[in-house]
Amino acid sequence: MEMPRIAGPRSCSRRLRLAAGLACVCLAAGCASNNAPLVAVFPPPPEYPPEHAYTLDELTELAIYRNASLDVARYEAEAVQGLVDQVKALWLPAVRISLAGFVYDNNLDYDANVFNLTSLNIPLSGNYNFLSAASFVQILSTGGKRTSGLKQARMFAAIKKLEVLRLQDAVAFDVANYYHLVCLTSEIDDALEDAVRRLRVFRQVAESLTARGSLRASRLDALQADYFLSQLEQFQLFVRAGRHQAYHALRHYVGMDREQPLILKSVELPPAVTLDELVSRAAQLVKGFLARPELRQLDLFTKIRGEQVTFAKAQWAPNVVLAGGYTDVQGDEHSILGAIDGLIISLLVDIPIYDPARRGKLREALGLEQASLAFQREIEDLIALEIEVTAVDAQRALAAALKTARALQTAAEHYTATRQAYTRELLPAAAVVTAIGLDLLAKIQDAQARFAYQNARARLKRVTADREAQFGY
């Protein structure tokens with residue numbers, strides 16, 4: 001559930017200027033309804049059959065429901081709501097009933113000297129004594145301290161809920177990043193496997209021509225192919241190990257058990273899109289800046305600091321409490337104890353006259369309020385800079401992806417032309433090995449460029465709070 005944004009006039013105007021350039025500790029708690037659950041029950045995650053092949057969107061949705069760090073943040077937010085209930089309880093009376101029993105091995109006596117003439121032992125208790133008491137306390141007024149504390153508690157609860165959204169954005173980015181990393185390593189592995197296959201065919205042809213005494217190939221060509229093959233096979237080991245690590249990291253962020261299979265619907269990176277898509281998203285940057293949960297958290301944190309100033313000023317106000325109690329004491333056949341019972345009503349007025357620490361607390365609250373305002377301006381500038389830099393990085397990554405796509409096409413044409421020229425005995429055999437290497441390099445660079453673009457695109461979605469799944473709390 002998305003929390004409402006709270007911002008003062010000065011904060012709003014400043015953010016609008018920044019967006020145009022882009023083109024807590026507190027008192028807490030309350031009384032819960034008798035029908036409300038004590039622990040929040042969050043929506044269950046979607047269910048898929050064991051053999052289901054997951055897309056990136058489905059993995060992101062599962063992570064939002066099942067990631068352990070998000071569950072921690074959600075239940076912490078629910079715990080803070082309990083503090084809000086405690087503060088709300090200050091408006092209601094507190095009622096208690098106490099029962100106690102005492103047993104003595106002998107009567108407790110009081111030795112009294114009557115008129116300095118004779119001494120009497122007056123019994124104070126019997127052997128068996130029972131005490132029953134009832135009391136209630138109602139706070140009538142605190143001079144605004146209760147109201148200020150409740151405001152702080154509610155804002156702190158909203159901050160914790162926004163923390164869930166902030167973590168949700170981070171988890172979604174991590175899922176996308178590791179998913180694309182699995183796709184990248186899979187594509188590089190496929191390109192390496194294709195290059196290895198071509199080199200082995202070339203090596204067999206070179207050895208066959210050398211054995212027949214042809215001048216089109218020599219032993220050096222076979223040795224060159226063998227060396228290139230050994231290098232590619234070593235590279236494959238690193239790539240496959242990286243894919244294994246990325247796969248398990250993806251499983252961790254999605255929140256899947258080790259025994260549960262994780263089958264991906266596709267292990268190919270999406271193709272690079274045109275610049276028109278990125279330009280069309282420029283209008284969303286302003287909206288994304290205002291939607292960042294960090295900025296709304298800063299709003300609330302600054303308001304908490306301001307409310308703490310109000311709370312510190314309220315320390316000069318008196319406290320008024322209505323208290324009452326009923327006591328009944330019974331002893332075994334004890335005439336005095338049997339008569340001790342009654343109701344007591346008290347009105348307590350606590351007026352602070354002199355407290356040397358009050359002025360220091362107010363000065364501290366005023367200083368922290370100004371510090372929070374300065375901190376808010378600093379973070380707003382940093383977030384604006386982050387969005388600007390990420391948008392430029394996404395543009396650069398897209399341009400690089402388009403360039404490498406063209407280079408990939410050129411490398412494929414070069415390999416085809418080299419193989420045809422070698423067949424016609426226009427080029428030496430070494431040129432074929434070079435063409436295979438250039439084609440492999442172009443495939444790897446194209447995959448890396450598309451990975452960089454998808455990563456930058458996911459990062460841009462994170463910094464602009466562009467969420468496809470809305471469940472956060």
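The values are calculated or read from the model by the stated rules, or taken from the named source; none is laboratory data. In this text, all values refer to a predicted model and were calculated from it rather than measured experimentally. Cβ coordinates were reconstructed from backbone atoms using ideal geometry, including for glycine residues, and neighbour counts include every protein chain displayed.
Name the one entry in Thr390, Thr434, Thr416, Thr410 that is of a type outside the set (A, V, I, L, M, F, W, C) and more than 22 Å from Asp189 (Cα to Cα).
Details: Thr434 fails: more than 22 Å from Asp189 (Cα to Cα); Thr416 fails: more than 22 Å from Asp189 (Cα to Cα); Thr410 fails: more than 22 Å from Asp189 (Cα to Cα).
Exactly one of Thr390, Thr434, Thr416, Thr410 is of a type outside the set (A, V, I, L, M, F, W, C) and more than 22 Å from Asp189 (Cα to Cα), namely Thr390.
Residue check: is Lys461 out of contact with any His (no Cβ under 8 Å at 6 or more places or on another chain) and surrounded by fewer than 15 Cβ atoms within 10 Å (Cβ to Cβ)? Spelling it out, it is not the case that Lys461 is out of contact with any His (no Cβ under 8 Å at 6 or more places or on another chain) and surrounded by fewer than 15 Cβ atoms within 10 Å (Cβ to Cβ). When the criteria are applied in full, Gln284 fails the requirement of being modelled with pLDDT of 90 or more and of a type in the set (S, T, N, Q). The requirement of being closer than 14 Å to Val433 by Cβ and modelled with pLDDT of 85 or more is not satisfied by Val175.
Could you run through region 212-268 and say how many residues are more than 50 Å from the chain's Cα centre (by Cα) and surrounded by 17 or more Cβ atoms within 10 Å (Cβ to Cβ)? Quick ask: steps written out before the conclusion?
Step one: list which residues in region 212-268 are more than 50 Å from the chain's Cα centre (by Cα), which gives 212-226.
Then keep just the ones that are surrounded by 17 or more Cβ atoms within 10 Å (Cβ to Cβ); that gives 217, 221-222, 224-225.
Looking only at that region, the number is 5.
Comparison of Arg419, Arg363 shows that the only residue that is surrounded by fewer than 16 Cβ atoms within 10 Å (Cβ to Cβ) and more than 25 Å from Arg459 (Cα to Cα) is Arg363. Across region 451-468, the qualifying residues are those that are in contact with a Ser or Thr (Cβ under 8 Å, 6 or more places away or on another chain) and assigned to a helix (DSSP H, G or I), and the one among them that is nearest to Val267 (Cα to Cα) is Ala456.
When Val349, Val329, Val321, Val309 are screened for being of a type outside the set (D, E, K, R), surrounded by 17 or more Cβ atoms within 10 Å (Cβ to Cβ) and touching a strand residue (DSSP E or B) at 6+ places or on another chain (Cβ under 9 Å), only Val329 passes. Screening the candidates Pro37, Pro49, Pro4 for the property of being farther than 30 Å from Ile379 by Cα, outside any helix (DSSP H, G or I) and at pLDDT below 60 yields one hit, Pro37.
Figure legend. Inter-residue proximity from region 445-462: first residues within 17 Å of Ala291 (Cβ to Cβ) and modelled with pLDDT under 90, second residues surrounded by fewer than 24 Cβ atoms within 10 Å (Cβ to Cβ) and charged (D, E, K, R), beta-carbon distance below 7 Å, spacing 6+ or different chains. Indicated pairs: Arg462/Asp169.
State all residues of region 167-197 that are more than 34 Å from the chain's Cα centre (by Cα) and crowded, with 19+ Cβ neighbours inside 10 Å; if no residue qualifies, say none. Don't jump to the end; show me each part of the working.
Residues of region 167-197 that are more than 34 Å from the chain's Cα centre (by Cα), as a first pass: 190-197.
Selection gives Ala191, Leu192, Ala195.
Evaluation of Ala23 against the conditions (1) under 25 Å from Ala391 (Cα atoms); (2) modelled with pLDDT of 50 or more shows that the sole unmet condition is (2).
Looking at Leu408, Leu427, Leu398, can you tell me which residue is outside any helix (DSSP H, G or I), in contact with a helix residue (DSSP H, G or I) (Cβ under 8 Å, 6 or more places away or on another chain) and not acidic (Asp, Glu)? Let's see the steps before the verdict.
Numbers: Leu408 fails: outside any helix (DSSP H, G or I); Leu398 fails: outside any helix (DSSP H, G or I).
The unique qualifying residue is Leu427.
Here is a yes/no grid of residues against (1) at pLDDT 70 or above; (2) loosely packed, with under 15 Cβ neighbours inside 10 Å; (3) farther than 17 Å from Ala153 by Cα:
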{"residue": "Glu61", "(1), (2), (3)": "yes, no, yes"}
{"residue": "Ala68", "(1), (2), (3)": "yes, yes, yes"}
{"residue": "Glu78", "(1), (2), (3)": "yes, no, no"}
{"residue": "Val84", "(1), (2), (3)": "yes, no, no"}
{"residue": "Val87", "(1), (2), (3)": "yes, no, no"}
{"residue": "Ala94", "(1), (2), (3)": "yes, yes, yes"}
{"residue": "Asp111", "(1), (2), (3)": "no, yes, yes"}
{"residue": "Ser125", "(1), (2), (3)": "no, no, yes"}
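At pLDDT 90 or above, part of a helix (DSSP H, G or I) and of a type outside the set (Lys, Arg): does that describe Ala134? The answer is no for Ala134. Given the structure, is Val433 surrounded by 16 or more Cβ atoms within 10 Å (Cβ to Cβ), of a type in the set (A, V, I, L, M, F, W, C), part of a helix (DSSP H, G or I) and at pLDDT below 90? Against the criterion (surrounded by 16 or more Cβ atoms within 10 Å (Cβ to Cβ), of a type in the set (A, V, I, L, M, F, W, C), part of a helix (DSSP H, G or I) and at pLDDT below 90), Val433 qualifies. Counting residues in region 218-230 that are assigned to a loop (DSSP other than H, G, I, E, B) and modelled with pLDDT under 85 gives one or more.
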